[in-house]
Amino acid sequence: MHYDTLIIGAGLSGLAAGIRLAYYEQNVCVLERHTTIGGLNSFYRLRGRNHDVGLHAVTNYAPPGTKRGPLSKLLRQLRLSWDDFALCEQNGSAVAFPGVRLRFSNDFQLLQSEIEQAFPAQRENFSRLHQFILEFNELDLSQKAVSARETVAGFITDPLLCDMIFCPLMFYGSARADDMDLNQFVVMYKSIFLEGFGRPERGVRPIMKALVRQYKSLGGELKLRAGVSEIVIENGKAIGVRLDDGTELTADRILSSAGAVETASLCGQQVSAELASHQPGVVTFNEMIDVLDIDPQDLGHTETIIFFNQTEQFHYCQPEEPCDLRSGIICSPNNFQYGNRLEEGMIRITALANHNFWLSLDDEAYVREKQAWAERIREAALPYLPDYRPHIVDTDTFTPKTIRRFTGHVNGCVYGAPEKRLDGTTDIANLYLCGTDQGFLGIIGSMLSGITMANNHCMGI
């Protein structure tokens, strides 16, 4: 079978690219190894409950009908409606460090006032940084990687404020240890601090189902249980793929959301020097999900997300221990402005993890260590929460091993390789990257990555 475009991976970026191409009547097929869609932002059912894998919140929130911004652009490009996502705003979130707490919401003025109050000497410095970010063109795909830490330090002279600004942006979008690419820093600053958080009442499912429904309605083909074992290359050009079952499909071009290192491994002996040079990431996470018999708001916990750090400096890197208990993320999916309360309470707590430890365990040790570290992660977060432990009715945990199993990402790294390929090109003709290792991260960013790469490389737009 021959296609105009083959897309590897039925995550957000792959499906968004597929919709864009199918809309322009391309013969396009999305290939997915697993039995369900979603990739890094999938969902599952366990012991009678639905869980999201990656979704804490959707960044880049905008009220329905907004004409500008990433979310509005995304909906126009995919020909979807605001109701397809049905986002509800956050209650409000915080960055909590020893002795200092900065609140923020979808109104940037709250964060601005919090910084002015906690760091009065940095008022003008932060204003200059903010203006620099507003004027920065993060959509310039030709720019080179620049250290965000070094750039921000040229504005903000208080190391504590620097760490507090970087903490949520790194946790939600950095593949680099203890730093970010400046471009990604700007993207995450705007998406979290300027636009803010939202969430569909029923989690990521409505978004994923809307994408699949739109894709199929336009004639796109989706193949599940269709893992790609090899990208077929002839004379330096990608001409098709070979599936796990031996089936061969040909195409004019291939768009891979698998990641740069993972895509290189699919090229076998034909891998190019440029693709082979990519190094896998090492920053990844453990996350535990506690289901409660009470709404967290009834215990006095009303904040949507808390990014916490318990030490003098913030460290964002692979820990020596199985998990880093010095910092983390606390998210309550209940604490968004829904029309109704969710049926059960939920607390999600995330910590940096050592992938070598989790990937090396046998099955028995893995189950034992997951339980032990879930308890430790929970205890590390309790200073920032009411003690909800008597109300726990169920717990699940996922680790780098889970991430690797369902995404194929080397080392089980959520954000992929530290070096991104913003323009999506490789030095193999007709082979392009979208998604994690192209560099637009997050729920909205992933879809915009698929759309942008489809526009730039598959249609000539």
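Structural remarks
- Cβ-Cβ distance of THR395 and GLU201, R₀ of 35 Å, FRET efficiency by 1/(1 + (r/R0)^6): the value works out to about 0.95.
- For a straight C-alpha distance cut-off of 21 angstrom, the lysines reachable from LYS223 (same-chain residues fewer than eight places away being disregarded) are LYS209.
- Partner aspartates and glutamates whose Cα lies under 15 Å from the Cα of LYS190, excluding those fewer than 8 positions away in the same chain, are identified as ASP107, GLU135, GLU138, ASP181.
- Entries in LYS73/LYS370; LYS237/LYS420; LYS216/LYS370; LYS67/LYS216 that, when Cα-Cα distance is taken, lie over 30 Å: LYS73/LYS370; LYS216/LYS370
- Order of ASP4, ASP163, ASP363, ASP178 under a 10 Å beta carbon neighbour criterion, fewest first: ASP363, ASP178, ASP4, ASP163
- Added length on full extension, which subtracts the Cα-Cα distance from 0.36 nm per residue, GLN337 to THR36: 105.4 nm
- Rounded to two decimals, the Cα radius of gyration of the chain over 2.2 N^0.38 Å is 0.95.
- Our coupling estimate for the range 306-317, obtained by passing each phi through the Karplus curve with A = 6.51, B = -1.76, C = 1.60 and θ = phi - 60°, is 10, 9, 10, 8, 9, 10, 4, 10, 8, 10, 10, 6 Hz, Gly and Pro reported as x.
- Residues in the range 422-461 reached by a label modelled at LYS237 [backbone nitrogen below 14 Å; 7 Å Cα→Cβ]: 428-431
- For the chain: relative contact order, % (alpha-carbon pairs under 8 angstrom, 6 or more apart): 24
- Nonlocal amide H pairs with ILE294, under 5 Å, H built at 1.01 Å: GLY345
- Taking 0.36 nm per residue of separation and subtracting the Cα-Cα distance, full extension of the segment from GLN297 to GLU135 would add 54.4 nm.
- Square roots of 5 times each gyration tensor eigenvalue, C-alpha, the range 178-239, largest first, Å: 32, 25, 11
- Net lengthening on full extension, GLU312/ASP387 (0.36 nm per residue, minus Cα-Cα): 24.5 nm
- ARG368 paired with ARG149, simple spin-label distance in nm, labels 7 Å along Cα-to-beta-carbon: 3.7
- Taken as Cα centroids, the range 71-97 and the range 401-453 sit 21 Å apart, rounded to the nearest whole angstrom.
- Mean separation of Cα contacts under 8 Å, 6 or more apart, over the residue count of the range 255-401: relative contact order %: 33
- As a calculated quantity, the FRET efficiency between ASN456 and LYS216 at R0 = 35 Å, using C-beta atoms, amounts to about 0.90.
- Computed over the range 101-196, the percent of Cα pairs more than 24 Å apart is 13.
- Estimated FRET transfer efficiency when R0 is 45 angstrom, pair SER113-LEU224 (beta carbons, to 0.05): 0.40
- Cα-based helix-to-principal-axis angle, 108-118 vs the chain, degrees rounded to 10: 40
- Placing a label point 7 Å from the Cα of THR247 along the Cα-to-Cβ direction, the residues of the range 192-226 whose backbone N falls under 13 Å of that point are 221-226.
Only the coordinates and a few stated rules stand behind these numbers; no lab work does. Computed from a prediction, not measured in an experiment: that's the story for all the values here. Neighbour counts are summed over all protein chains in view; Cβ atoms, including those assigned to glycine, are modelled from backbone coordinates with ideal geometry.
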